[in-house]
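Novice: This is the structure, below, for whatever I ask next.
Rule-based calculations on the coordinates, nothing more; no lab input. Note that the coordinates shown come from a computational prediction; the quantities given were computed from them, not determined experimentally. A quick note on method: Cβ atoms are made from the backbone with ideal geometry, for glycine too, and the neighbour counts reach across all protein chains shown.
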């Protein structure tokens, strides 16, 4: 067995070549790919790989030539060329990997193993191509494995350092030198460990030996093994650090996505109301400095609920997505679209002029009117828009949104499918007030800021009180007592009318119980049922619970339903009326004559009272057409066994005509206005001519 000896000058030369080549490769690689055109990247990559591979290959053979072989030697050219090809592939792969935008954990591990195996493959293929006359190489398994460990660990550390400090500006030369040193040590360590693993024997012997026999061999192995362990430990630390960085990047990405979701609508991917607050602050500060104008276009889809009800919410969602895409294509860089509600959008225009804003609003209206094809269904929809300009129509976001919303509601009142520009007027101020009241109505219901007023009904014959009607009033903390005309419509739109309606019924039952116990007779108390409450699924169960809570005579309660509500679904109405009558409650048809009822249906409704709308007596005079119509209605109603009550009576002449026509009951300001319970109980009878 022959041990190899080395020419120290050639060894030092190979080390110097390795250091120089690695530093040069890193420097050239960073310069070549900086600002390079795409079509040249592959050519430059192959050229750089060929150059670096040749340099590594030359260092490898310089290290081999530093050995003092025991006999003349030659090279097997196919294997020698193959070793260069392996070095070329390894170098190209290293340069490619180093120019990726990121180094993931998996890419680091795989890249390290592939590059390390490629370098060791080049070395041992080159050794296989070395032919020493009369001698055969024999390899020590442990040292071969150590050379592989050194190659894998060293290349892994090189990749890790390269990416970790890739964008480092300070001490750039120092980091480049450190990376080049790590790369060179990996190649040198692998090479000379591989050379230490080989022994030259005379004749045929086994290719590998498992143990190191000599003391010198044990010493060499110990040094190499400890070096391998240090490199492997450093490699493991690098892998753990890379894994930690990978998880940190993933966590940062998730946090960024969560932050974006908080400011982004999940369906349309448009900015939402949370984004609007921050965006508006930036806009106002910028445009106040530059004295530019802003335009706020409030967009509300008309009858969007009918799309969801008729085709399903999934179709409605797709409609919103397609509509967003359509509008977005119309916008320029200084125009931003936001979704601030279910079917409500806000378009903000920077550096706006009124002419451009109006022109864009018209374009968007036409775009929205074009048909949508969703799930093989053709859908047509329109929108109402309101325009508010900054700073003319508001100095802050709240005022601008309120004014744009008021202008949008004006578009609704004008027939929809149009736009309106905010204009300070009584009508739009009323709309704004209505919007504010609707918003405050939630708190009013929660705190029960309501009171009941009672308007009495009188007999036609002697003007005696024959019942009262409970009418709700809102005791607003700032505005005082508000009539139902200011908040009932908003209550119906928000669904709060149901809670308010049940509150009125409960208060009426409380009052009935008090009057029954005190012996006063103002029965029945009439309570108006809204259309929403009349069709509410919990109507009967709620009434039954209230009757259990307040044990009163059910006949002392009368529920009034408007004619239009009663005739909406006549079959359902008859069924509901029958069930209410079975509970002992009296029923009344309110506002009779304003809808589309007929006496054919009326005869089938189990009601007690017919209230004729005040519209029939506004111009009532003797021998007028109104008298003829009223006479017919009263006569037919009486023949059907109904009590006829006429509301809105304000003059003595009207009362005289109605008494003559056969009306049983009257209600109106002539006889008694709506009043608190204290005034009702101390009210004196009206002194009218009978």
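Novice: Sorted by average packing, counted as other Cβ atoms within 10 angstrom per residue and highest first, what order do 565-578, 382-395, 446-459 take?
Specialist: For the peptides 565-578, 382-395, 446-459, the packing ranking is 382-395, 446-459, 565-578.
Novice: Follow-up question, since we're still on this one. Determine the shape class of region 368-413: with a ≥ b ≥ c the square roots of the Cα gyration tensor eigenvalues, call it rounded for a/c under 1.5, and otherwise prolate if a/b is greater than b/c, oblate otherwise.
Specialist: It is prolate, given that a/c is not under 1.5 and a/b is the larger ratio.
Novice: Less than 19 Å from a label point 7 Å out along the Cα-to-Cβ axis of residue 608: which backbone N atoms in region 559-593 qualify, by residue?
Specialist: 559-563, 566, 574-592
Novice: Let me ask something additional. Residue 681 versus residue 12, label points 7 Å from Cα toward the beta carbon: distance in nm?
Specialist: 11.9
Novice: For residue 541 and residue 652 in the same chain, what is the full-extension length gain: residue separation times 0.36 nm, less their Cα-Cα distance, in nm?
Specialist: 35.6 nm
Novice: What FRET efficiency would be calculated for the residue pair residue 358, residue 329, taking the C-beta separation as r and a Förster radius of 22 Å, to the nearest 0.05? Can you show the working numbers first?
Specialist: Values: r = 19 Å, r/R0 = 0.88.
Efficiency, rounded to the nearest 0.05: 0.70.
Novice: So, one more: Suppose each label sits 7 Å from its Cα in the direction of the beta carbon; what would the residue 85-residue 136 distance come out to in nanometres?
Specialist: 2.7
Novice: Could I ask something else about it? Give the peptides 641-650, 362-371, 191-200 in descending order of average Cβ contacts within 10 Å, highest first.
Specialist: Going from most to least packed, we get 191-200, 641-650, 362-371.
Novice: Is region 457-557 rounded, prolate or oblate when judged by the Cα gyration tensor, a ≥ b ≥ c being the square roots of its eigenvalues, rounded requiring a/c under 1.5 and prolate requiring a/b larger than b/c?
Specialist: Verdict is oblate for region 457-557.
Novice: In whole angstrom, note down how far apart the Cα centers of region 322-396 and region 400-417 are.
Specialist: First find each Cα centre; the distance between them is then 14 Å.
Novice: Would you calculate the separation in nanometres between label points at residue 306 and residue 475, each defined as 7 Å from the Cα along the Cα-to-beta-carbon direction?
Specialist: 4.3
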